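Notes for the one structure printed next.
The values are calculated or read from the model by the stated rules, or taken from the named source; none is laboratory data. This one's a predicted model, so the numbers in the text were calculated from it and none came from an experiment. Neighbour counts run over all protein chains shown; Cβ positions are idealised from the backbone, glycine included.
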Amino acid sequence: MGSVYIQANTDGKLHSAEKPSISPLNRGFLYGDAIYEVWRTYDGILFAWDEHWQRLQRSAQALGFLLAFTQPDLLKQIKRTVSAFCRKSGATADLYIRLQVTRGAGAIGLNTVLADKLSYVLLIQTLKAPAPEQVARGIKLGLAKSLHRNHPSTLNPSWKTGNYLNNILCLREALAAGAEEVVMTNLAGEITESAVANIGFVRNGALHTPPLSAGILEGITRALLVGPVARAAGVAVHETAIRPEDLGSFTECFLTGTTREIHSVVSIDDTRFTVGPVTVTAKLQRAFEDYTRAYVSEHRRLRVLPKSPKPLTPS
């Protein structure tokens, strides 16, 4: 882990993430039988707290998990863990907060009745934002060609589970080809998303993005973008199937995610896109920043940092 300190909380017990805390029989470790969520803070305030909690509940229901804690319980544990992180690290910058919930441990075997009880791990570290130079020039993507995104009728990508092998292998292929992130297609050959973010395109001043039915994660940032953010920016939204052969018809492309926010894409393989301050993407980025500022001012009860970090700056 190097010099980066990561604070952990396993079922209420605080410890360094360098120290093991789960059984080798934990089903999250053995089988990926787990769900997770990631929050971030702005100005020390938990962002999109309710939206991430609701998605956690949907994922839990899909896997047959009965969460053993309430939303107020979780908030209390997050605040405890953040306080411990700040004491250990001295950090006051904005945070990355990851919660993983597993079905628990038990005898080896796929049958879920072998699990004892649900277990959780919270991980807190300083938020690692994309490098400024990458933000300025845009990220390079590559299409995965040997594998496709999971079909929704198999392991539904809308569930935020602990099983990421599909994403990992697709990303590995793109990185080997010289890209910085991957674009995955579904079995019908339609574009879905990247390994860790949703994707959007711009044509004739309007936003175009794959629909949820294409087989994508129900991204929180994506939902805000196609809803209040796009409305505030005056940008029309079209959720429609997009194929690799359509890429040349778009002038801009971007990724959306909790840690990436709205991140410009400069290319997908040989297709180039416009990046810069005079773009629809930049307009959406400014509208998203306005949204986060308003959220922070309206949700002071969700402060988790003991003191405010540096003020928000344009992203």
* Could you please let me know if R103 is out of contact with any Lys or Arg (no Cβ under 7 Å at 6 or more places or on another chain), farther than 28 Å from D246 by Cα and in contact (Cβ under 8 Å) with a residue 60 or more places away in the chain? => no
* Mind checking which helices (runs of 4 or more DSSP H) fall wholly inside region 206-315 and carry at least 3 residues that are closer than 30 Å to D73 by Cα? => 220-224, 280-298
* Asked: Hey, any hits in region 111-118 for a residue that's touching a residue at least 12 places away in the same chain (Cβ under 8 Å), within 24 Å of H299 (Cβ to Cβ), of a type outside the set (V, I, T) and part of a loop (DSSP other than H, G, I, E, B)?
  -> no
* To do: Would you mind telling me which numbered condition in (1) closer than 29 Å to S3 by Cβ; (2) assigned to a helix (DSSP H, G or I) C170 fails?
  => (1)
* **K160 surrounded by fewer than 17 Cβ atoms within 10 Å (Cβ to Cβ) and closer than 22 Å to I78 by Cβ** => no
* To do: Have a look at E193, E218, E239, E245 and point out the one that is surrounded by fewer than 23 Cβ atoms within 10 Å (Cβ to Cβ) and touching a residue at least 40 places away in the same chain (Cβ under 8 Å).
  => E218
* Could you check how many residues of region 33-90 are free of Cβ contacts under 8 Å to residues at least 40 places away in the same chain and buried (at least 17 other Cβ atoms within 10 Å of the Cβ)? => 2
* Regarding G64, is this residue more than 19 Å from the chain's Cα centre (by Cα) and small (G, A, S)? -> yes
* Asked: Filtering region 119-138 down to residues that are outside any helix (DSSP H, G or I) and among the hydrophobic types (A, V, I, L, M, F, W, C), which residue is nearest to L75 (Cα to Cα)?
  -> L122
* Structure fact -> When region 69-114 is checked residue by residue, the ones that are more than 21 Å from W53 (Cα to Cα) and either among the basic types (K, R) or touching a helix residue (DSSP H, G or I) at 6+ places or on another chain (Cβ under 6 Å) (or both) are R87, K88, G106, A107
* **Among residues of region 1-40, those that are more than 28 Å from E218 (Cα to Cα) and not in a loop (DSSP other than H, G, I, E, B), counted** => 4
* Asked: Given the structure, is R260 in the same structural domain as L175 (by TED's automatic domain parsing) and surrounded by fewer than 15 Cβ atoms within 10 Å (Cβ to Cβ)?
  -> no
* Qualifying residue in region 58-71 (condition: within 28 Å of L165 (Cα to Cα), β-branched (V, I, T), at pLDDT 95 or above and in a loop (DSSP other than H, G, I, E, B)) -> no
